[in-house]
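Report on the following structure.
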Amino acid sequence: MKLYIKNMVCRRCKIMVKSELEKAGLHPLSIELGEVELEQVPADGQLKQLSSSLNELGFELIDDQKSRLIEQIKTLIIEQVHYADGQSPLKLSAVLTSKLNYDYGYLSNLFSAVEGTTIEKYHIAQRVEKVKELLVYNELSLSEIAFQLGYSSVAYLSSQFKQVTGLTPSAFKALQGSKRKNLEDI
């Protein structure tokens, strides 16, 4: 049986969810961002206990199809931006349609209706957060960051960064990253 969990955005989230599953007496076969496969169907009491403990940690069990699809879109974007080794040669729309088996127009309309923002704006927000992270680490130049994240130029990265944050990358770097956000808050 599969459970879908909202706000799982990192490896630590997976560890926390695994711990809560085990406390509830459930044994996961696999745990991915936003998705858990269990070896057996949980009893109602176990599911209520799990839901309550996950809510306390900022997670949420998702039970309707549209909410699951929205979470899958977010998870794919987060994985692509934050955890992929290099940029995918495919456009974001092609990645989403191939992984989710839905028309991009449907995914885009659903996401916009539910989230109040577009998939593209969400993707840009994730990329900007990744730029912030890399600027704070101070290990890569701005041109290396632009290349790593698939920007066509440093000027385009800087323009998009300023449009989202109100700061240039160098001004942000001078602030020492005090304006970074948690992934689940984007």
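The values are calculated or read from the model by the stated rules, or taken from the named source; none is laboratory data. Not measured: the values here are computed from a predicted model. Ideal geometry is used to build each Cβ from the backbone, glycine not excepted, and the neighbour counts take in all protein chains shown. Surface accessibility is based on the protein's heavy atoms, side chains included, excluding ligands, DNA and RNA. Shrake-Rupley method; radii C 1.70, N 1.55, O 1.52, S 1.80 Å.
Each listed q (0.11, 0.12, 0.18, 0.23 Å⁻¹) maps to a log10 I(q)/I(0) for region 1-104, found by the Debye formula over equal Cα scatterers with no solvent: -0.36, -0.43, -0.87, -1.24. Using only Cα positions of region 1-55, each an equal point scatterer, no hydration layer, compute I(q)/I(0) via Debye at q = 0.14 Å⁻¹ and quote the log10 values to two decimals. After summing over all Cα pairs, the log10 values are -0.29.
Please give the Cα centre distance for region 146-165 versus region 103-127, rounded to the nearest Å. When both Cα centres are located, 20 Å separates them. Measuring nothing but alpha carbons in the chain and taking Rh as the Kirkwood radius, the Rg to Rh ratio lands at 1.01. Computed over the chain, relative contact order equals 18 percent, with contacts defined as Cα pairs under 8 Å that lie 6+ residues apart.
What does the extension gain come out to for residue 175 and residue 143, with contour length at 0.36 nm per residue minus their alpha carbon separation?
Numbers: separation 32, 0.36 × 32 = 11.52 nm, distance 1.98 nm.
Length gained between residue 175 and residue 143: 9.5 nm.
Taking the longest Cα principal axis of the chain as reference, the axis of helix 11-23 is set at about 10 degrees. Here region 27-147 has 48 percent of its accessible surface on carbon and sulfur atoms, given a 1.4 Å probe and all protein chains in place.
The slack between residue 121 and residue 10, meaning 0.36 nm per residue of separation minus the straight C-alpha distance, is 37.9 nm.
Remark: spin-label model distance residue 163-residue 136 equals 2.4 nm, labels positioned 7 Å along the Cα→Cβ axis. Put a dot 7 Å past the Cα of residue 79, heading toward its Cβ, do the same for residue 56, and the two dots end up 3.0 nm apart. Using a probe of 1.4 angstrom and keeping all protein chains present, the accessible surface of region 98-184 works out to 57 square angstrom per residue. Rounded to the nearest 10 degrees, the inclination of helix 154-165 to the longest alpha-carbon principal axis of the chain is 60 degrees. Grouping the Cα pair distances of region 93-134 into 5 Å bins from zero gives a pair-distance distribution of 6, 23, 22, 23, 15, 9, 2 percent in increasing distance order. Taking amide hydrogens as placed 1.01 Å from N in the peptide plane, the amide H of residue 38 sits under 5 Å from those of 2, 3, 29, each at least 5 positions away in sequence or on another chain. Residue-wise HN-Hα couplings along region 61-70, as the Karplus relation 6.51 cos²θ - 1.76 cosθ + 1.60 with θ = phi - 60° gives them from phi, are 6, 10, 10, 10, 4, 5, 5, 4, 5, 4 Hz; Gly and Pro carry x. Ignoring lysines fewer than eight residues from residue 2 along the same chain, the ones with Cα atoms less than 27 angstrom from its Cα are 14, 18, 23, 48, 66, 74, 99. Amide H contacts under 5 Å for residue 61: 6, restricted to partners 5 or more places along the chain or on a different chain, H placed in the peptide plane at 1.01 Å from N. The convex hull built on the alpha-carbon positions of region 51-131 has an orientation-averaged projected area of 6.2 nm². Kirkwood analysis of region 91-186, using all unique Cα-Cα pairs, places the hydrodynamic radius at 14.5 Å.
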